[in-house]
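Here, each number is a calculation from the coordinates, and none is a lab measurement. Keep in mind that what you see is a predicted model, and the values were worked out from it rather than measured. Glycine gets a Cβ as well: all are built from the backbone with ideal geometry, and neighbour counts include every protein chain shown.
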Amino acid sequence: MARDLTTSISPPRATSARGGERAAGSRRVRRPHWRGGRARGWLYVFPALAVYLGFAIWPALNTLRLSFLNWDGILPATSAGLDNYIKIFRDSALYEAILHSLVLIVFFSFIPICVGLFMTALLMGKVRRGMTFFRIVFFLPQVLPLVAVGITWRWLYSDTGVVNQLLDLVGLGGITRAWLGDYQLALVALGFIGTWAMSGLCMMLFLAGAQKIDPSLYEAATLDGANSWRQFLHVTLPGVRKEITIAGVITTIAALASFDLVFTTTNGGPAGQTNVPALLVYRLAFNEGDIGGASALAVVLTVLVIAVVSAIRYFTRDES
Amino acid sequence: MHMTTPGRWQALVALGTAATLTLTACAGTGGTTAPATAKKVDVSTTVPSDPVTLTLAYSNDPPTKTLVDAFTKLHPNVTIKPQMTPFNDYVKSIKLSMSSDSAPDIAQYNPGAMNSLVPAGLILDLGPWSKAYGWDGKFPPASLEVLSSDKAAKRFGTGGLYAAPGALSVVGVYYNKEILSKAGVKDVPKTLGEFEAALAKVKGAGQTPLSLGALQVGGFHLWNALLNVTGDVKAYRSWVYGEPGGTIENPGAQKATKMLMDWADKGYFPESANATADADALANFSKGKSAFLVTGNWAATTLETEMKENVGFFLMPSESTTPLNVASGASVAYAISAKSKYPNVAAAFLDFLSSPEAAKIEFDGGFMPVDTKAELGATGLRGDIAKAFTPVAQNNGIVPFPDYASPGMIDKLTPGVQGLISKKMTADDFLRSLQESWDGHHGS
């Protein structure tokens, strides 16, 4: 890492670009200069690194440590060994919660990626005016705090809310219900809020990726007689492959670690049908004062996230 | 080009390292601090005349701020600095701030969030002041019982007193007068049977009988209100207090649970109850979308403003015509930090809470006063509440909410009632899940 950083900001490139007359001098001071660059590189990295170590790595390590302790947050902690983990794995609530979050991946990740690709195919290269408008509209859910999104959707989904009003309007009055309170459908209803929030992000990523594609590829495809669908399949899709991986990773993490949305809409209800692991972590830590158990569950959740994300990266890796 | 000389960047690195170390040191502490040893305090009931400044951390406003103002008016040399934190953040942060070196002298007490402060010795046992001031006669005994616990803070109703109540709340039934008279319900229900008949009549008239916020606490508050009148008070108390052998798997709780399920079956509350927040249930009731709402007197101020003369209040009626005068309630209570330099002044504030002046403030703040004999002269909705509450307080019939029974209980109660409403849980399963949480905390 250090080498990468040093080379990317070290001066040789800039010096050579400035012309040949300094080349000799540059070579003469090269070694000391390289050393200074290395130190300076560290200096540039340091503020971000310190924040990252202090606020991300250190708390993470602390969580790992706490997961082996019995601690209520105040009294001296006692060693718990693997007890916290054993307790968690014996609780069926964990498996249900994990299952729910896996279902959420479909709604937070799979569907938004499809929607994002669809929107990209529609907008790419065809829409000239109003592009900013589309971007803003679809990206808006990303800007709003999820707590506000959650409360808004709770009202939209309520028995007299907009969703049911629309269903009534199109003659589907028979299926209206308080969606988030429905035992079978609450999780799906919750998932669609995620779809709404994540689709714009995916679309933005894909649009950015698609703009890098050389227009001559599209020209060549047109000359070969490829229609829009073929162009999308053979030019656009391979072109945004990396962006799809990134979108998949980001949205999957959002699904597995989802908390704020669930907390503000259903709080795990009805009857635990929308419990997710992060919600259980919160309850253990803040309702029950079991910091050790909460940390152990958080560690398990982290391992799960890493495993799923690694799987995504493995399956979408570039064969070449 | 040379922006930073080596000397300067080394200094910067050193500074940054120092910052990181400080940060990590902060993150690493906690849990290693030894429990504070109880220091000797000379208990006195007189407030010194020297200038004294106390800090008070709280989340309920009103009545806290007005009570503080009234107290400092009586004792001009005392300054109390209020530190208000919204409830959700308060319960998360109060434990840490009470264990810090700059702990507030007085803190609003929340048993769930703060009971680990008792074994840590961070809040004072108020026993000596209670004796010196005679609090047993000044506060309703049941309201002090809930604030007492053993040293491990597992069993309530015994051991030391860790807080004194400043205002009381009580759960009962609000009703919409207009809807009831339209549905042909002439009198306020006197028995549980009459209440059920009224629900049926309202339903028959094509109206929604009850608003219910089962997404949050409204669902189990209704269950709790039913349990208060179908179950045995002693058995319930011993269960919530964590007395050995306490159990909720009893016939009274069975009856309350089955009644709730029956009401769900008959459509006495909307199908959307499980997705309705407490605030939304309150709003629905106040807009005239239902005839009844079961909640606490904390909703009175809102309902009075919205519904004017059209709203009334009664306690969940007993099965027989003789009223049981039992109702669930909590209190806005205050504890004293063991780190306070002026525990005697803080205790004088707690004593002030039981005074007639304080009673007026507590009542105006939408609560029931600690001084149950205070003349309130209230009319309308608040008059109804005062009329219903006084016999309960004098009967020593205020019982704590069921979520006091164990720290994880609320996460069994809310989903459990949702399960009952959506018919995915049987009464036995529900009570079993509550008892499992109890057993996990108290030992079976």
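Worth pointing out:
- Cα-based Rg / Dmax (Å) for chain B: 24.5, 92
- Available extension along the chain between B:Lys423 and B:Thr45 is 130.4 nm, counting 0.36 nm per residue and deducting the alpha carbon span.
- Peptide A:58-68 has a mean of 2 when you count, residue by residue, the C-beta atoms of other protein chains within 10 Å of its C-beta.
- Expected-Rg normalisation [2.2 N^0.38 Å, Cα atoms] applied to the stretch A:153-195: 1.06
- Selection from B:Ile398, B:Leu350, B:Gly380 lying farthest towards where the dipole of the stretch B:346-444 points positive, charges on Cβ: B:Gly380
- Cα pair count fraction exceeding 32 Å, expressed as % - the stretch A:85-315: 30 percent
- The phi-based Karplus calculation (6.51 cos²θ - 1.76 cosθ + 1.60; θ = phi - 60°) puts the 3J(HN,Hα) values of the stretch B:363-376 at 5, 5, x, x, 10, 8, x, 5, 7, 6, 9, 4, 7, 9 Hz, whole numbers, x for Gly and Pro.
- Positive minus negative residues near B:Ala142 (Lys, Arg vs Asp, Glu; Cβ under 14 Å): +1
- Burial ordering of B:Lys95, A:Lys212, fewest other beta-carbon atoms within 10 Å first: A:Lys212, B:Lys95
- What you get for the protein assembly as shown, charging only the Cβ of Lys and Arg (+1) and of Asp and Glu (-1), is a dipole of about 3380 debye around the Cα centre.
- Projected label distance in nm at A:Leu61 and A:Val106, using a 7 Å step from Cα toward the beta-carbon: 4.2 nm
- Backbone N atoms of the stretch B:289-312 closer than 18 Å to the 7 Å Cα→Cβ label point of A:Trp155 belong to residues B:289.
- For B:Phe156, distant residues with modelled amide H under 5 Å away: B:Gly242
- Interatomic Cα distance distribution for the protein assembly as shown, bins of 20 angstrom, percent: 14, 39, 32, 13, 3, 0
- Scanning residues 5 or more positions from A:Asn70 or on other chains, those with amide H under 5 Å from its amide H are A:Thr78, A:Ser79, A:Ala80, with H placed 1.01 Å from N in the peptide plane.
- Cβ-based net charge around B:Gln216, under 13 Å, with every Lys or Arg adding one and every Asp or Glu removing one: -3
- Each part reduced to its alpha carbon centroid, the stretch A:52-78 and the stretch A:300-316 end up 23 Å apart.
- Unit charges at the beta carbon, dipole of the protein assembly as shown: most positive-side option, B:Gly329, B:Gly134, A:Gly209: A:Gly209
- The stretch B:148-201 and the stretch B:260-324 have Cα centres spaced 11 Å apart.
- Here is the size of the stretch A:169-297 from its Cα atoms: Rg then Dmax, 21.3, 67 Å.
- Estimated inter-spin distance, A:Phe192 and B:Thr191, nm [label 7 Å along Cα→Cβ]: 4.8 nm
- Neighbour-count order for A:Cys202, A:Cys114, fewest beta carbons within 10 angstrom listed first: A:Cys114, A:Cys202
- Segment A:Leu144..A:Thr222, full-extension length gain: 24.0 nm, with 0.36 nm per residue of separation and the alpha-carbon distance subtracted.
- Whole-Hz couplings from phi, Karplus 6.51/-1.76/1.60, listed for the stretch B:175-181; x for Gly and Pro: 9, 8, 4, 5, 4, 5, 5
- For the stretch B:97-152, the alpha-carbon radius of gyration amounts to 1.21 times the rule-of-thumb value 2.2 N^0.38 Å expected for a compact globular protein.
- Distant-in-sequence amide H partners of B:Thr55 (H built 1.01 Å from N, under 5 Å): B:Lys81, B:Asp105, B:Ile106
- Scalar couplings 3J(HN,Hα) for the stretch B:264-279, obtained by applying the Karplus form with A = 6.51, B = -1.76, C = 1.60 to θ = phi - 60°, are 4, 4, 7, x, 6, 10, x, 4, 7, 3, 5, 10, 9, 6, 4, 5 Hz; x denotes Gly and Pro.
- Per residue of B:144-151, other chain Cβ atoms within 10 Å of the residue Cβ number 0 on average.
- The stretch B:261-312 shape via C-alpha gyration tensor axes, a/c threshold 1.5: prolate
- Shape category assigned to the stretch B:47-135 from the gyration tensor of Cα positions, a/c cut at 1.5: oblate
- Counting only Cα atoms, the stretch B:326-369 measures 37, 23, 16 Å along its principal axes, largest extent leading.
- Residue mean of other protein chain beta carbons inside 10 Å, A:263-270: 6
- Only helices enter the 222 nm calculation for the protein assembly as shown: every DSSP H run of n ≥ 4 contributes -39,500 (n - 2.57), and dividing by all residues gives -16500 deg cm²/dmol, rounded to 500.
- Between B:Asn395 and B:Glu357, the modelled label-to-label distance comes to 3.4 nm, taking each label 7 Å out from Cα in the direction of the beta carbon.
- The stretch B:282-432, Cα convex hull volume normalised per residue, Å³: 171 Å³
- Counting neighbouring Cβ atoms within 10 Å and putting the fewest first, the residues B:His442, B:His221 line up as B:His442, B:His221.
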